[in-house]
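Here the structure is laid out as structure tokens; the discussion comes afterwards.
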Amino acid sequence: MVNRDRILAEFLELVQVDSVSGQERAMADLLAARLQELGLEVEEDRAGAETGGEAGNLIATLPARGPERPLLLVAHMDTVEPGRGIKPVVENGIVRSAGNTILGGDDKAGIAAILEVLRVIAEQELAHGGLEVVFTIGEEVGLLGAKHLDTGRLRSSMGYVLDSSGPAGTIVVQAPTQDKIEAVIHGRAAHAGINPEDGINAIAVAAHAVSRMQLGRIDEETTANIGVISGGKATNIVPAYCRLEGETRSLDGGKCRAQTAAMVEVLEKTAAQFHARVEITTTTLYPEFKLDESHPAVVLAKKAAERLGLVPQLIKTGGGSDANILNSRGITCVNLGIAMQKVHTTGEFIRVEDLATNARYLLEIIRMMTA
């Protein structure tokens, strides 16, 4: 029932609509029109206005055809850079970009699967318990759309986010929390050639601090990184300023907080040692979640995969998604693999057959839920 050629054509259309984070207007307009054509009631919330973006989240509802048991389907509209002027290329059953941009399968492969399923349901007049579709903004820059979504407007108690790597049948049941760490080290400027001893080199202080931190893989559940460092004005000036940006992640919230505290302590002690001053801000970007394998959302996803001859894989992931926010708000959400590969790179690609399989899998979940 899933039309392979149709989902491919739609995916190719979607990826050619620019929608980098904060600039999702064109994509939101296209999707709102498409959802309305498919018989859904569509609203746009104020998440864009609240986050400084062009568009808000789209919230669409399809009334039940049969006993009510609403189900939430989620994907995000935004992409990372370089994500403008994408030109998809289809060769040997694989869709990739022309090579100078991402492809945008993250997450337009998820959107395409949801739209195809809605079409099949309409064409075949299939029974379902009511569907709620949310297309979010700003996922790639801190899950902003999900954070500003009024989940009180939703009736679903469970749902599926289509936004993970791995083939159809990949079922994410655990994901980490993440802390963001921002630090500004204040040293003292001096002429680097005349009186360097009168200065305090903020970059050198930062380097000492980073060298003392435990970074990378901390344990099987925890990672830490310093990813950005900047400072200084000229080679002949002892830099009085240096900025660091980093993160910690863990499947265990306590471990994440402990790692963040350890990095903050290193920064403070190192700054004091060199008579510098440091300002530090830490922010929890999203909470962790862990789903029991016996939860109906997990069981349903597993059984649907088996019915289609797919291999269900229950996994942990090191990345966050809208599922982190939705689970924290009381809507149990599994993140499903949609076979996107090498995402966030110019080498990103997806197999045409996987686009169709994603839709077949989601459709089977919906059919089994009403069986």
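Give the long-range amide H neighbours of ALA339: residues separated by 5 or more places, or on another chain, with amide H under 5 Å away, using H modelled in the peptide plane at 1.01 Å from N.
Under 5 Å from the amide H of ALA339: GLY166, ALA168.
For the pair ALA9 and ILE237, how long in nm is the line joining their label points, each one 7 Å along Cα→Cβ?
6.0 nm
Between ILE194, ILE350, ILE121, which gets the highest mean-square fluctuation from a Gaussian network model of the chain, Cα cutoff 10 Å?
Checking each option, the largest mean-square fluctuation is seen for ILE194.
What share of the DSSP beta bridges in the chain is antiparallel, in percent to the nearest 5?
Of those bridges, close to 70 percent are antiparallel.
Which loop-located GluC sites (Glu not before Pro) does the stretch 130-238 contain, where loop means any DSSP state but H, G, I, E or B and the Cβ has at most 11 other Cβ atoms within 10 Å?
Here the sparse-neighbourhood loop sites are GLU220.
Loop-only check: which trypsin sites (Lys or Arg not before Pro) in the stretch 211-253 are DSSP coil with at most 13 other Cβ within 10 angstrom?
LYS233
Identify the GluC sites (Glu not before Pro) of the stretch 74-131 meeting these criteria: DSSP loop state and at most 15 other C-beta atoms within 10 Å of the C-beta.
Filter output for the stretch 74-131: GLU125.
Please compute the Kirkwood hydrodynamic radius over the chain, one decimal place, Å, based on all pairs of different Cα atoms.
By the Kirkwood definition, the hydrodynamic radius is 22.1 Å.
Per residue Cα convex hull volume for the stretch 78-153, in cubic angstrom?
That works out to 117 Å³ per residue.
Rounded to the nearest 10 Å², what accessible area does ILE59 show when all protein chains are kept and the probe is 1.4 Å?
Here the accessible area works out near 10 Å².
Arrange the residues ASP29, ASP252, ASP78 by how much accessible surface each exposes, largest first, with a 1.4 angstrom probe.
These residues rank, largest area first, as ASP29, ASP252, ASP78.
Can you give the extra length, in nm with one decimal, that the chain gains between ASP219 and LYS303 once fully stretched, where that is 0.36 nm per residue apart less the Cα-Cα distance?
So the extension gain works out to 27.0 nm.
Write down the accessible area per residue of the stretch 234-347 in Å², having rolled a 1.4 Å probe over the full set of protein chains.
49 Å²
Okay, helix-only estimate at 222 nm for the chain: each DSSP H run of n ≥ 4 adds -39500 (n - 2.57), divide by all residues, round to 500 deg cm²/dmol; what do you get?
Calculated at 222 nm, the ellipticity per residue is -10500 deg cm²/dmol.
What FRET efficiency would be calculated for the residue pair ALA272, GLU81, taking the C-beta separation as r and a Förster radius of 41 Å, to the nearest 0.05?
So, using R0 = 41 Å, E works out to roughly 0.60.
Can you give me the relative contact order of the chain as a percent, contacts being Cα pairs under 8 Å and 6 or more apart?
Reported as a whole number, the value is 24 percent.
Could you check which residue among ARG119, ARG329, ARG188 shows the biggest mean-square fluctuation in a GNM of the chain with a 10 Å Cα cutoff?
ARG188
Looking only at ILE111, ILE325, ILE86, which one moves most when the chain is put into a Gaussian network model with springs between Cα atoms under 10 Å?
ILE86
Compute the relative contact order of the stretch 220-371 as a whole-number percentage, counting only Cα pairs closer than 8 Å that sit 6 or more residues apart in sequence.
Worked out over the stretch 220-371, it gives 16 percent.
Using a 1.4 Å probe on the protein chains only, how many percent of the accessible area of the stretch 1-131 belongs to carbon and sulfur?
The value for the stretch 1-131 is 45 percent carbon and sulfur by accessible area.
Which links in LYS180/LYS290; LYS233/LYS269; LYS87/LYS342; LYS316/LYS342; LYS147/LYS342; LYS87/LYS180 stretch past 23 Å when you go from one Cα to the other?
Distance filter (> 23 Å) returns LYS233/LYS269; LYS147/LYS342; LYS87/LYS180.
The values are calculated or read from the model by the stated rules, or taken from the named source; none is laboratory data. Note that the structure is predicted; figures quoted are calculated from it, not measured. Neighbour counts are summed over all protein chains in view; Cβ atoms, including those assigned to glycine, are modelled from backbone coordinates with ideal geometry. What goes into the accessible areas is simple: the full protein's heavy atoms, side chains included, and nothing from ligands, DNA or RNA. Shrake-Rupley method; radii C 1.70, N 1.55, O 1.52, S 1.80 Å.
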